[in-house]
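Take a look at the structure below.
The values are calculated or read from the model by the stated rules, or taken from the named source; none is laboratory data. The structure presented is a predicted model; accordingly, all values stated were derived computationally and were not measured. Cβ sites come from the backbone with ideal geometry, for glycine too, and all protein chains shown count toward neighbours. The accessibility values were calculated without ligands, DNA or RNA, using every heavy atom of the protein model including side chains. Shrake-Rupley method; radii C 1.70, N 1.55, O 1.52, S 1.80 Å.
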Amino acid sequence: MGDWAGASNLFTASRRAEYLAFFSSLGTSLSTIANQLGTLVGASYSDGHAELLILRTTVDGPTAFPIHIIRDPDGIWRIESM
């Protein structure tokens, strides 16, 4: 089984429960899916906010997906949305 709680800790507290439920629904597929997220092709940073750009091949061809991260009050960078 995947480490759902560990994976959900990568997200901000306000989004953690939502992603924990999603990860739980994936069951043992979590690690397989994580390995297929894509390749980091770009990033930008501005005052405690950053956007990572992940490129993945889909049925429509290469597609870029943004991942928004912020620095939490505890100083750790966490995913806000993807």
(request) Please verify whether the range 74-81 includes one or more residues that are polar (S, T, N, Q), surrounded by 10 or more Cβ atoms within 10 Å (Cβ to Cβ) and under 15 Å from R15 (Cα atoms). (result) yes
(request) Report whether or not S24 is open to solvent by less than 80 Å² (accessible area, probe 1.4 Å) and in contact with a helix residue (DSSP H, G or I) (Cβ under 6 Å, 6 or more places away or on another chain). (result) yes
(message) I'd like to verify a number: residues in the range 44-70 that are acidic (D, E) and open to solvent by less than 80 Å² (accessible area, probe 1.4 Å), how many?
(response) 1
(request) Go through the range 34-43 and give me each residue that's open to solvent by 70 Å² or more (accessible area, probe 1.4 Å) and under 21 Å from T12 (Cα atoms). (result) L37, L40, A43
